[in-house]
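Visitor: Please see the structure below; I have some questions.
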Amino acid sequence: MQSLRSIVILLPLGASLATAQSNTARRTVWDGVYTDTQAGRGTAEYSRSCLGCHALTPEGKAPLVGDPFWKSFSQKSAADLLDFVSAYMPNGAPGSLSGPAYEDIVAFILKSNGFPAGAGELTHNTAAGVQIIPRDGSTELPANALARVVGCLTRSGAEWIVTNATNPERAENASHEDATRALGSRQMALKFVVTKLDTLAGTRVAVSGLLIGPGGADGLNVTNVARVGGKCP
């Protein structure tokens, strides 16, 4: 009877655990984080405050959609997008709009990029932690994104490469844990290196630059190389 009682107790515990895990699942822009009504208000606000400087076509002036959008905001959050819009728009008077106006503009930008509407409006609080990623869930950064990797600096003939490299991440995500973080299995070719790196050979480094090809498939156009640890094993 004691064993049966243990089973009866464990069943709801397991159900509660599953519910908790479900409730803490990451949210993305594909979950519907704004409403159509909010995006409608954002359309009018965008026309008044942003249209003169930003286009809603990938080929237009300072576009906010398409590849330029992904290059700037992939792997970031809706809160990062809101912070950017609030800090830099409108041109000549950044930060001059109300908080709700900026939230409505971001809702319109999300709609313009094809992300679905939902049941609740986007606010500064609800935007936190909402990830901007492709529908397939990939976190790979697009070509030309400013990124960084951590790994072991190695010379290969006349070229420098980073072995055991971490996956490319946003360049601004510098961490004091670079010296101890787990390395990866990638190999990243360093292109257009203009500084001497001989003294860093064989050490753990953090390298920043523009990704050449999606995810840096063709290397990294280097802007900075810094030693973050000792000799690589």
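Visitor: Once the other residues with Cβ under 11 Å from the Cβ of residue 131 are scored (Lys, Arg +1; Asp, Glu -1), what is the net sum?
Guide: Result for the neighbourhood of residue 131: +1.
Visitor: Next up: Nothing charged except the Cβ atoms of Lys and Arg (+1) and of Asp and Glu (-1): what's the magnitude of the dipole of the chain about its Cα centre? Round to the nearest 20 debye.
Guide: On the way: 20 positive and 19 negative charges, 131 e Å.
My answer is approximately 640 debye.
Visitor: May I pose another question? Mind jotting down the distance between the C-alpha centroids of the range 80-108 and the range 146-177, whole Å?
Guide: About 33 Å separates the Cα centre of the range 146-177 from the one of the range 80-108.
Visitor: In addition: Relative contact order for the chain using alpha-carbon pairs under 8 Å, separation at least 6, rounded to a whole percent?
Guide: Reported relative contact order: 18 percent.
Visitor: Which of rounded, prolate or oblate describes the range 146-231 when judged by the alpha-carbon gyration tensor and an a/c cut-off of 1.5? Before the final figure, lay out each step's value.
Guide: Working: a/c = 1.40, a/b = 1.03, b/c = 1.36.
Cα axes put the range 146-231 in the rounded bin.
Visitor: Tell me the relative contact order for the range 28-131 as a rounded percent, counting alpha carbon contacts under 8 Å between residues six or more apart.
Guide: On the way: 157 pairs, mean separation 48.9, N = 104.
Rounded, it is 47 percent for the range 28-131.
Visitor: Would you please classify the overall shape of the range 28-131 from the alpha carbon gyration tensor, given that a ≥ b ≥ c denote the square roots of the eigenvalues, rounded means a/c under 1.5, and beyond that prolate means a/b larger than b/c while oblate covers the rest? Please list the in-between numbers first.
Guide: Details: a/c = 1.40, a/b = 1.18, b/c = 1.19.
Rounded, because the longest to shortest axis ratio a/c is under 1.5.
Visitor: Which shape class applies to the chain: rounded if a/c is under 1.5, otherwise prolate when a/b exceeds b/c and oblate if not, where a ≥ b ≥ c are the square roots of the Cα gyration tensor eigenvalues? Please list the in-between numbers first.
Guide: Numbers: a/c = 2.63, a/b = 1.13, b/c = 2.33.
Cα axes put the chain in the oblate bin.
Visitor: Excluding same-chain pairs closer than 8 in sequence, count the lysine pairs in the chain whose Cα atoms lie under 22 Å apart. Working shown, then result.
Guide: Working: 61/71; 61/111; 71/111; 71/191; 76/111; 196/231.
Close lysine pairs found across the chain: 6.
Visitor: So which cysteines of the chain have no other cysteine's Cβ under 4.7 Å from theirs?
Guide: Cysteines of the chain left without a disulfide-compatible partner: 50, 53.
Visitor: Please list, ordered by chain and number, the residues whose modelled amide H lies under 5 Å from the amide H of residue 203; skip anything fewer than 5 residues away on the same chain.
Guide: Result for residue 203 returns 153, 232.
Visitor: Under 13 Å from the Cβ of residue 106, count the other residues' Cβ atoms, weight Lys and Arg +1, Asp and Glu -1, and hand me the total.
Guide: -3
Just so you know, all these numbers are worked out from the coordinates, no wet-lab data involved. Keep in mind it's a predicted model, so treat the numbers as computed, not measured. Backbone-built Cβ (ideal geometry, glycine too); neighbour counts: all protein chains shown.
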